[in-house]
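**Student:** I have a structure I would like to understand better, so I am pasting it below and will then ask my questions one at a time.
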Amino acid sequence: MKYFLSFLLVTTLSFNLSFAQTFKVSSHNTTTGEFRLLLQSNTQIEANDTANERILDLVNPVLRDSMPHRKWEHHQLFLVGWLIHAFGGYNWRAISPVKQKIVGTVNHNSRSSEEEFTEYDVNYDLNFHLKKYLWLTFDAYDRQKKIGKQDFRGKKHRTDYAKSPFQRDTNDIDITRYRMHCELTPPAAFRPQLHYLFYPTQPGLSLKEHPNFGTDHPSMGFYGTPCLDCNHNCHPEIHPYEWAWWLDLHSGPETDKIWLIGLFHESSNRFKHWSKNPMTGRIAIPFAYQFDDAISKVHDINIEHLVFNRFMDNELSKYEMPDSTIDVKHEHRMVKITDGTTHSFSLRMNFKNALPTDGLKYYFSDLNWDEQSHILSGYLNFATSVTDLYTVKIIFKDR
């Protein structure tokens, strides 16, 4: 019986692989330090914010609508919003001609307790261990200082531009003094679902208590419009963020890598020129597998669609993608990765729910086989066009 089951398993695997979608290795380089970090245990990564940020920085998010299209946005309270913008300078001011990625570690998290007009903000304040993002934040604070605006709320909120973070010794930096405020109003109809399935959107649940975090200070990545919030004192923000991603390092086996990724349309009416639906874009998520026996071992990638609404099939068809993609219409898809010689690697993609849409596609890219270290690394990408949001959990299983 034991031999029959083994035969059946091998036969089934061989049959599935014969119909597997094939992707080719594009390079045979030594695995970089950042990708090697993905082979560390979750406990090791959790203990090192810099390592966590280096991994998250490998993620490559893109939006078809990648430009703010206007240098400023303002509140939309009938004529009041325009008047305080035009005569009082109360607005958001873009500080880059293109949307940007930023990766850091959460210093503080907050969210609205109730909707105010159309605003219900889910906020993350980041500090930075990677110099390139710290330097971007330096530049934002320098722009804030140049404007020199004070918060209208009075003395308690007064800014001292003669002190840190506006005056700094780059040889002696306290990174906790340099924060980037990342803010979004998620679509109202989906906030209760997001609260339980993706990230906290309602009062009463800390990040540490949430099953997708397990800590109050996770490292996270965001992509959106960098700006100065001159409704107050022109402090720097990513507002709105439209992509968000992080590693859940507290669930599952130590060597599994659990990614949470979200694409959002800003649902308040404040950023009509900076966030437009449908949301069309793609994101590349890094992975690395150690293959000691490349032929027989199959690695699973489990994909769970979390909170989403209508996919726009026609819009995605206009978006540039590779010829070889994987749709989400089946619960299981076999993938064969070959280097064109004797090496072949088997991956099994398991979609928790099949979706009858062509508005969401997955594919692999930048595949590298490190012959000396027996490490296969690269990116799992997905491209989508969705009315307001798509959130997903992707688990790279190591067994």
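No lab work stands behind these numbers, since they all come straight from the coordinates. Treat the numbers as computed from the prediction; the structure is a model and nothing was measured. Quick reminder, even Gly has a Cβ in these numbers, built from the backbone with ideal geometry, and neighbours come from all protein chains shown.
**Student:** With viscosity set to 0.692 mPa s at 37 °C, what whole-number translational diffusion coefficient in µm²/s follows for segment 148-262 from Stokes-Einstein and a Kirkwood radius over Cα pairs?
**Tutor:** 195
**Student:** Could I ask something else about it? Can you tell which of GLU254, GLU183, GLU237 shows the greatest fluctuation in a Gaussian network model of the chain with Cα springs below 10 Å?
**Tutor:** Comparing GLU254, GLU183, GLU237 in a Gaussian network model of the chain, the most mobile one is GLU254.
**Student:** With springs only between Cα atoms under 10 Å apart, run a GNM on the chain and tell me which of ILE337, ILE285, ILE55 wobbles the most.
**Tutor:** Fluctuation is largest for ILE337.
**Student:** Grab the other residues whose beta carbon is less than 14 angstrom from that of TRP369, score K and R as +1, D and E as -1, and report the net.
**Tutor:** In short, -3.
**Student:** Listing TRP245, TRP135, TRP369 from the residue with the fewest other Cβ atoms within 10 Å to the one with the most, what is the order?
**Tutor:** Result, fewest neighbours first: TRP135, TRP245, TRP369.
**Student:** Another one. By its C-alpha gyration tensor, with a ≥ b ≥ c as the square roots of the eigenvalues, how is segment 304-361 shaped: rounded for a/c under 1.5, else prolate for a/b larger than b/c, else oblate?
**Tutor:** oblate
**Student:** By the 4.7 Å beta carbon criterion, which cysteine residues of the chain come out unpaired?
**Tutor:** Cysteines of the chain left without a disulfide-compatible partner: CYS182, CYS227.
**Student:** If you consider only alpha-carbon coordinates, what radius of gyration and Dmax does segment 55-276 have, in Å?
**Tutor:** 17.4, 57
**Student:** Could I ask something else about it? Can you tell me the Rg and the Dmax, both Å, for the Cα atoms in segment 112-209?
**Tutor:** When restricted to the Cα atoms of segment 112-209, Rg and Dmax are 16.9, 48 Å.
**Student:** Using Cα springs under 10 Å in a Gaussian network model of the chain, which residue among THR50, THR105, THR225 shows the largest mean-square fluctuation?
**Tutor:** Evaluated over the chain, the most mobile residue of the options is THR50.
**Student:** Across the chain, how large is the tail of the calculated P(r) beyond 35 Å, expressed as a percent of all Cα pairs?
**Tutor:** Value for the chain: 31 percent of Cα pairs lie more than 35 Å apart.
**Student:** Can you sort ARG36, ARG310 from fewest to most other Cβ atoms within 10 Å of each residue's own Cβ?
**Tutor:** Ascending number of Cβ neighbours within 10 Å: ARG310, ARG36.
**Student:** Still on this structure, please answer the following. In cubic angstrom, how much convex hull volume per residue do the alpha carbon atoms of segment 255-399 span?
**Tutor:** Hull volume normalised by residue count: 122 Å³.
**Student:** Against the empirical 2.2 N^0.38 Å scaling, what ratio does the C-alpha Rg of segment 54-183 come to?
**Tutor:** For segment 54-183, the normalised Cα radius of gyration comes out at 1.18.
**Student:** Same structure again: Between THR22 and ASP216, what is the label-point separation in nm under the 7 Å Cα-to-beta-carbon projection?
**Tutor:** Those two pseudo-labels are separated by 5.4 nm.
**Student:** Please give the calculated 222 nm ellipticity per residue for the chain, where each DSSP H segment of at least 4 residues contributes -39500 (n - 2.57) and the sum is spread over every residue; nearest 500 deg cm²/dmol?
**Tutor:** The per-residue figure over the chain is -5500 deg cm²/dmol.
**Student:** Once a ≥ b ≥ c are taken as the square roots of the eigenvalues of the Cα gyration tensor of segment 101-148, is the result rounded (a/c under 1.5), prolate (a/b larger than b/c) or oblate (a/b not larger than b/c)?
**Tutor:** It is oblate, given that a/c is not under 1.5 and a/b is not larger than b/c.
**Student:** Quick one: angle between helix 79-88 and the longest Cα principal axis of the chain, in degrees between 0 and 90, rounded to 10, please.
**Tutor:** That works out to roughly 70 degrees.
**Student:** For ASP366, ASP160, what's the fewest-to-most ordering of other Cβ within 10 Å of each Cβ?
**Tutor:** If I rank by nearby Cβ atoms, fewest first, I get ASP160, ASP366.
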